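Comments concern the structure below.
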Amino acid sequence: MLYILQTALELGFLYALVAMALFLSYRVLDIADLTTDGGFVLGAAVSVTMAAAGHPILAVPAALIAGMAAGFVTAFLQTRLGVPSILAGIVTNTGLYTINLMIMGWSANVSLLKTDTLFTLFHNTGIGGDWYEVVLAAFVTILAGILLVLFLKTRLGLSIRATGDNMDMVRASSINPAFTITVGLCISNALTALSGAMVGQYQNTADINGGTGIVVIGLACLIIGETILGRRTIIKGAIASVTGSIIYRLIYAIVLYTKIVPVQGLRLITAIVVALAIAFPTIKEWFAFQKRKMAASRKGGN
Amino acid sequence: MLDIQNISKTFNPGTVNAKTAISGLSLHLNEGDFITIIGSNGAGKSTLFNAIAGVFYIDEGSIVLAGKDITFLPEHKRSRSIGRLFQDPLKGTAPNMTIEENLALAYLRNVKTNSFSRISKKDKAFFQEKLALLEMGLENRMRQPVGLLSGGQRQALTLLMATVVPPKLLLLDEHTAALDPGTAEKVLALTRDIVAREHITCLMITHNMKQALELGNRTFLMADGNIVLDVEGEERSHLTVEDLLARFKAGTGQELDNDRILLSE
């Protein structure tokens with residue numbers, strides 16, 4: 001049981017970075033950025049390839065830069081070339097498939113055998129004992145979260161938030177939305193790639209299909225977290241990403257362990273949960289309208 | 001201050017929907033001018049504002065603001081020296097951000113601020129002082145999201161945001177039209193105070209004829225994408241609403257048909 005908790009915490013913290021990235025792009029900037037799936041694999045590919053070459057630490061900044069580049073391409077397509085934002089993400093995502101294969105030396109997966117990773121290096125320091133993986137994952141994610149929150153309170157951060165909050169106002173107040181969207185997407189994709197980089201070294205492998213559906217899982221985590229903590233503030237959003245992600249991984253681990261539903265079924269359940277959560281306001285409205293109609297017809301007339 | 005030379009703008013040119021919104025319009029504003037603009041529906045009042053603000057680029061002519069040619073300057077760069085208020089009070093503020101965050105954004109227009117600096121204590125004190133001038137108690141609610149404010153409060157805040165760094169030019173597009181009469185009166189009084197205090201050059205579209213003659217020092221009447229009447233000084237001080245209507249009819253051969261003008265006193 002303790003083992004389940006431990007694994008859930010490890011994966012929860014590592015994948016929380018994706019939820020955080022989606023918090024920035026989907027909630028703060030109000031853009032559905034579908035670069036995520038490819039961006040995650042990009043981070044893993046860069047990280048694992050670098051680690052295999054003997055640079056597990058340098059792998060992290062390299063993955064961050066790669067993620068930013070992917071975000072930049074998506075942002076460039078939508079802000080400068082007029083590609084609709086969802087399509088821009090899909091286009092980049094598709095292109096990334098080839099880029100990722102190229103990074104991995106044209107093979108569908110790369111594994112780390114007996115090479116140092118961030119985790120083995122950290123294990124050698126002796127910090128955290130048996131829980132060293134949790135400690136390292138938590139450290140990286142919480143640090144990223146704190147930096148993100150601090151950043152969103154700076155003037156540039158405020159401009160990015162305003163871009164997602166009220167475009168009319170932004171245009172009238174000397175902020176260049178093309179610039180703020182670009183910076184926002186670069187950061188969110190850097191976070192996604194960081195997640196991929198950490199997960200890659202944690203699992204000692206990068207797989208070309210390792211990112212499939214990660215955007216929906218990330219959204220599910222974010223929604224779970226927000227349901228518990230509420231929305232509104234930036235700090236709550238960052239904490240919600242982490243909490244939601246850990247809860248999701250706990251559920252995942254429990255399903256895996258107890259086999260209540262086949263593990264393969266979890267994707268469908270995740271998709272349904274996300275669809276329902278996002279559709280919730282519309283569904284609520286529909287019910288309210290039906291109720292009103294019923295009340296009106298009861299009152300008489302016809 | 002503002003020099004507009006012979007500007008024209010046609011939307012959807014070459015199609016059946018082609019509409020010339022502004023045709024050969026020229027105007028010259030002096031520093032500190034407060035101009036009120038009235039006109040029929042579709043006379044090109046808002047289009048003129050959008051042309052000045054850079055929402056679109058004009059087809060012909062030139063726009064010079066404070067000696068600088070801004071004809072092809074992008075909107076966000078013009079916004080550094082042009083403040084804007086719209087009729088919809090929701091357009092000027094970010095609802096999910098706090099009052100102080102909104103003001104901090106407006107304050108960005110100020111000189112060169114470091115992108116990574118945060119709102120300082122000094123900024124907060126400054127914002128508080130400015131908010132107090134609105135007399136709406138907003139200075140005690142600085143950490144609340146703007147979405148909780150009423151339309152009037154939001155419009156007053158937008159006005160403050162547009163003028164916290166005094167712009168070279170302030171464009172007011174019926175900014176009190178969507179507010180209830182009491183609030184509208186208050187926001188208008190604030191506008192008058194701030195514009196006078198900061199000595200801002202200002203263009204204001206209104207549908208209230210009386211207001212158009214009372215406020216400011218000069219009045220434009222617009223029709224068919226041009227200024228058909230430009231009154232100021234002595235001549236303007238003796239003008240009544242009836243005179244204005246008569247002058248409009250004489251100038252354009254048509255009645256002033258702005259649905260809202262006829263309803264207002």
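The values are calculated or read from the model by the stated rules, or taken from the named source; none is laboratory data. Small disclaimer: the values here were computed from a predicted structure and weren't measured. Using ideal geometry, Cβ is built from the backbone for each residue, glycine included, and neighbour counts are taken over all protein chains shown. Only protein heavy atoms, including side chains, enter the accessible area calculation; ligands, DNA and RNA are left aside. Shrake-Rupley method; radii C 1.70, N 1.55, O 1.52, S 1.80 Å.
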State the percentage of accessible surface on segment A:1-155 attributable to carbon and sulfur atoms; use a 1.4 Å probe and exclude ligands, DNA and RNA.
-> 72
Measure off, as a whole percent, the carbon and sulfur share of the 1.4 Å-probe accessible area of segment B:109-165, all protein chains present.
-> 51
Neighbourhood charge, 11 Å Cβ-Cβ cut-off, centred on B:Asp193 and excluding it, Lys, Arg +1 and Asp, Glu -1 | +1
Among segment B:29-60, those whose backbone N falls under 20 Å of a label point 7 Å along Cα→Cβ from B:Glu198 are B:29-37, B:49-50, B:52-55
Heavy atoms only, probe 1.4 angstrom, no DNA, RNA or ligands counted: give me B:Glu235, A:Glu10 ranked by accessible area, highest first.
-> B:Glu235, A:Glu10
Mind checking the per residue accessible area of the protein assembly as shown for me, 1.4 Å probe, whole number of Å²?
-> 46
Taking +1 at the Cβ of each Lys and Arg and -1 at the Cβ of each Asp and Glu, which of B:Val187, A:Asn166, B:Ser79 sits farthest along the dipole of the protein assembly as shown towards its positive end, judged by Cα position relative to the Cα centre?
-> A:Asn166
In degrees from 0 to 90, rounded to the nearest 10, what is the angle of the helix A:132-152 Cα long axis to the longest principal axis of chain A?
-> 50
A:Ser25: accessible area at probe 1.4 Å, nearest 10 Å²?
-> 0
Among A:83-93, B:198-208, B:181-191, A:193-203, the order from most to least packed when residues are scored by Cβ within 10 Å on average = A:193-203, B:198-208, A:83-93, B:181-191
Return the subset of A:Lys114/A:Lys153; B:Lys9/B:Lys168; B:Lys68/B:Lys122; B:Lys124/B:Lys210; B:Lys19/B:Lys186; B:Lys68/B:Lys91 for which the Cα-Cα distance in this structure is over 31 Å, preserving the input order.
-> A:Lys114/A:Lys153; B:Lys68/B:Lys122; B:Lys124/B:Lys210; B:Lys19/B:Lys186
Which GluC sites (Glu not before Pro) does segment B:47-150 hold that lie in a coil by DSSP with at most 16 other beta carbons within 10 Å?
-> B:Glu135
Cα centre as origin, Lys/Arg/Asp/Glu Cβ charges: the protein assembly as shown dipole, Debye | 1460
Longest principal axis of chain A (C-alpha) makes with the long axis of helix A:234-258 (C-alpha) an angle, in degrees to the nearest 10, of 70
Given charges at beta-carbon only (K, R positive; D, E negative), |dipole| of segment A:2-210 in Debye = 520
Which value, in square angstrom to the nearest 100, describes the accessible area buried between chains A and B on both sides, using a 1.4 angstrom probe?
-> 2400
Based solely on its DSSP helices, what 222 nm [θ] is calculated for chain B when runs of n ≥ 4 H residues each add -39,500 (n - 2.57) and the sum is averaged over all residues, nearest 500 deg cm²/dmol?
-> -10000 deg cm²/dmol
Name the residues of segment B:55-91 whose accessible area, probed at 1.4 Å, falls by at least 50 Å² once all protein chains are in place instead of their chain on its own?
-> B:His76, B:Lys91
Taking R0 as 22 Å, what's the FRET efficiency between A:Ser107 and A:Ile254 from their Cβ-Cβ distance, rounded to 0.05?
-> 0.05
Just name one of A:Val46, A:Leu77, A:Leu276: the one whose Cα is farthest towards the positive end of the charge dipole of chain A (beta-carbon charges, Lys/Arg +1, Asp/Glu -1).
-> A:Leu276
Measure of exposure for A:Trp131: accessible area at 1.4 Å probe, Å² rounded to 10, is 80
GNM of chain A, Cα pairs under 10 angstrom: of A:Leu17, A:Leu222, A:Leu147, the biggest fluctuation goes to A:Leu147
Considering protein heavy atoms only and a 1.4 Å probe radius, which residues within segment A:166-185 exhibit an accessible-area decrease of no less than 20 Å² in the full assembly relative to the chain by itself?
-> A:Asn166, A:Asp168, A:Met169, A:Arg171, A:Ala172, A:Ser173, A:Ser174, A:Ile175, A:Asn176
Stretched fully, the stretch from A:Ala295 through A:Ala277 gains (0.36 nm per residue minus C-alpha distance, one decimal, in nm) 3.8 nm
Gain upon complete extension [B:Asn6, B:Asp180; 0.36 nm per residue less C-alpha separation] | 58.9 nm
Partner shielding of A:153-164, as the mean number of partner chain Cβ atoms within 10 Å, equals 6
Using only Cα atoms, find the angle between the long axis of helix A:59-79 and the longest principal axis of chain A, and express it within 0 to 90 degrees, rounded to the nearest 10.
-> 30
Magnitude of the charge dipole, chain B, Cβ model with Lys/Arg +1 and Asp/Glu -1, debye to 20 | 1300
Which of A:Leu229, A:Gln264, A:Phe289 sits closest to the plus end of the dipole of segment A:229-302, meaning its Cα is farthest towards the positive end, when Lys and Arg get +1 and Asp and Glu get -1 on the C-beta?
-> A:Phe289
Determine, from the Cβ-Cβ distance of B:Glu31 and B:Ser237 and an R0 of 30 Å, the FRET efficiency 1/(1 + (r/R0)^6), rounded to the nearest 0.05.
-> 0.90
